[in-house]
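Student: This is the structure I have questions about; it appears just below.
The values are calculated or read from the model by the stated rules, or taken from the named source; none is laboratory data. Nothing here was measured: the structure is a model prediction, and the numbers come from that model. Because the Cβ atoms are built from the backbone with ideal geometry, glycine has one as well, and the counts that use them run over all protein chains shown. Only protein heavy atoms, including side chains, enter the accessible area calculation; ligands, DNA and RNA are left aside. Shrake-Rupley method; radii C 1.70, N 1.55, O 1.52, S 1.80 Å.
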Amino acid sequence: QVQVVESGGGLVQAGGSLRLSCAASGITFSVAAIGWYRQAPGKERELVGSINRVGGTALADSVKGRFTISRDTAKDMVYLQMNSLKPEDTAVYYCKAVVRGIGYWGQGTQVTVSS
């Protein structure tokens, strides 16, 4: 059984930083493409960024220059480093692992940025 778990959310002031972590059991991230998504109240879930199996990353325009995605192969973890946070970054952040065309979602972690 595959489980994906996010952690690291919390409350931070505007301009601050947070690092979200994504871990999984039942799969290894070395064969997965990982996407970070977020969903703000009343809005649709949107893709924040992704990292592919060979470590290539892509980020949404709204977070470029502020967020980075990385992977620790030794720990089999994926991270979303969020800097210069803005109130509009407030959302539940989700990690999705895609393995052989099947997507596995985590339960999400809340990020709240106060102004």
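Student: Return yes or no: is residue 76 at pLDDT below 95 and not aliphatic (A, V, I, L, M)?
Tutor: On the way: at pLDDT below 95: yes; not aliphatic (A, V, I, L, M): yes.
So residue 76 passes the test.
Student: Further question on the same structure: Hey, among the residues in region 16-56 that are small (Gly, Ala, Ser) and touching a Leu at 6+ places or on another chain (Cβ under 7 Å), which one's farthest from residue 71 (Cα to Cα)? Don't jump to the end; show me each part of the working.
Tutor: Step one: list which residues in region 16-56 are small (Gly, Ala, Ser), which gives 16-17, 21, 23-26, 30, 32-33, 35, 40, 42, 49-50, 55-56.
In the following step, the residues that additionally are touching a Leu at 6+ places or on another chain (Cβ under 7 Å) were identified as 16-17, 35, 49.
On the way: 16: 22, 17: 18, 35: 12, 49: 13 Å.
Filtering first and then ranking leaves 16.
Student: Here is a follow-up. Of all residues in region 1-23 being more than 13 Å from the chain's Cα centre (by Cα) and within 18 Å of residue 99 (Cα to Cα), which is least open to solvent (accessible area, probe 1.4 Å)? Explain how you work it out, then say what you get.
Tutor: Residues of region 1-23 more than 13 Å from the chain's Cα centre (by Cα): 1-3, 10-17.
Now narrow it down to the ones that are within 18 Å of residue 99 (Cα to Cα): 1-3.
On the way: 1: 193, 2: 39, 3: 106 Å².
It comes out as 2.
Student: Also: Do we have residue 54 as modelled with pLDDT under 95 and surrounded by 13 or more Cβ atoms within 10 Å (Cβ to Cβ) here? Lay out the reasoning, then the answer.
Tutor: Details: modelled with pLDDT under 95: yes; surrounded by 13 or more Cβ atoms within 10 Å (Cβ to Cβ): no.
Taking the combined requirement at face value, the residue does not satisfy it.
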